[in-house]
Structure formats: C-alpha cells, structure tokens
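Have a look at the structure below before the remarks.
The values are calculated or read from the model by the stated rules, or taken from the named source; none is laboratory data. Every value quoted in this text rests on a predicted model; they were computed, and no experiment measured them. Here the Cβ positions follow ideal geometry from the backbone for every residue, glycine too, while neighbour counts run over all protein chains shown. Ligands, DNA and RNA are stripped out before the accessible areas are found, and what is left, the full protein with its side chains, is counted by its heavy atoms. Shrake-Rupley method; radii C 1.70, N 1.55, O 1.52, S 1.80 Å.
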Amino acid sequence: MLTATARAWLDSALRDAAARAPGWEERFVTAGRHCGRTDTDEARTLLLRAAAAGPDTLTRLYHHGTAAERRAVLLSLPALVTGPEALPLVEDALRTHDTTLIAAALGPYAATHLTPHTWRHALLKCLFTGVPVSAVAGLAERAAGDTELARMLADHAAERTAAGRAVPADLAFVLALTAAAEES
C-alpha cells in the first residue's frame, strides 16, 4: 500500500508520463526511492503504460536500467508491445542468471511470442535456476502434448540423477503437463 506521500508522487509522475513531459523517464528511474520496495514494479509499469512507451523507449530504458528497471520493462511488455519487436529484451533477460529477470521475462509476452525451441530452453532455465514454474505464463497450454519438451525434461532428470543431484519437484509437474494432451 502506497503512503500518501508516495501516492502523491506517483500521481504527479503519471501525469508527466501521460503528457510525455520532459523528465518522465527520470521519474521511472527514481520510482524506487519514492514508492518503496514492494510497490516499485507496479509504479514503474504504470508509468510506462501512462507514457504509452513504444519498443524504442522500452529498449533504451531496459539497456540503460538496473535489474529492477529491466524487470519493470519486461513486466510491461504485454500491455505495450503487440508484435515480436521486444523479443530481444526477453531473450537478453533469459541469458542472465538473475532469477527475477528470468521470471519477469517469462510472462504473457513470452508465452505469445517465443518460438517453441526458445520457450522450452527458457523453461529448462527455470528448472536450473530455481525459478518456480508457476511464474511461467501459459505453461499448461504450451506444455500440453509437447513431446520434445517431455524428452528434454526426461533427459534433464536422468542427468541430474546420474550426477547424484536432486531432480527439481517442478520437473515432474511440467512433465505431467506434457502428457495432458496425449491422454485427452
């Protein structure tokens, strides 16, 4: 819950963003100082939406931003970009080892735009890094009947077992999802 001071700051920042007033991007950057840790993602995504930020602005903010600013850009993609223009941002986040970026990258935008090959590898990255698969948008729909994903998951489980490592609990859940369409 935003404090009254934070709410007043955000309201002013949203007016600036909607008007594309000079300095709205600076407000995007400083949102964490004004809105507190728990509300910063929401404040930043609201600012991006108010400004109707396009792919070029989102790309610039992503590449020049902190991890928290990058996360907000990724979270805003479904509302701001309808085509695949922002896929390079998602792919960049998936190359990191920052689990907050990986989770944000696998939201609804990725569910719609990632190729099956890239999506499968992103899902495996979740298993490697401990990102809960509950963070993956469209998981059940994309995994259903995906025999290649089932093979990859079985191979991953076999490698982990052979190395004497635990198999992530989420792996069995996703593997069951791959069989869901086959049983119907």
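Worth a mention:
- Of everything in the range 57-74 that is open to solvent by 10 Å² or more (accessible area, probe 1.4 Å), of a type outside the set (S, T, N, Q) and closer than 21 Å to R15 by Cα, the residue that is nearest to the chain's Cα centre (by Cα) is E69.
- The number of residues in the range 96-134 being of a type outside the set (S, T, Y) and part of a loop (DSSP other than H, G, I, E, B) comes to 8.
- A residue that is under 30 Å from E69 (Cα atoms) and in contact with a Gly (Cβ under 7 Å, 6 or more places away or on another chain) occurs nowhere in the range 156-168.
- Some residue of the range 79-95 being under 26 Å from L58 (Cα atoms), of a type in the set (G, A, S) and touching a Phe, Trp or Tyr at 6+ places or on another chain (Cβ under 8 Å): yes
Yes or no, residue by residue, for (1) at pLDDT 95 or above; (2) open to solvent by 60 Å² or more (accessible area, probe 1.4 Å); (3) at positive phi; (4) among the hydroxyl-bearing types (S, T, Y):
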position: L77; (1), (2), (3), (4): yes, no, no, no
position: V81; (1), (2), (3), (4): yes, no, no, no
position: L89; (1), (2), (3), (4): yes, no, no, no
position: D92; (1), (2), (3), (4): yes, no, no, no
position: T112; (1), (2), (3), (4): yes, yes, no, yes
position: F128; (1), (2), (3), (4): no, yes, no, no
position: V133; (1), (2), (3), (4): yes, no, no, no
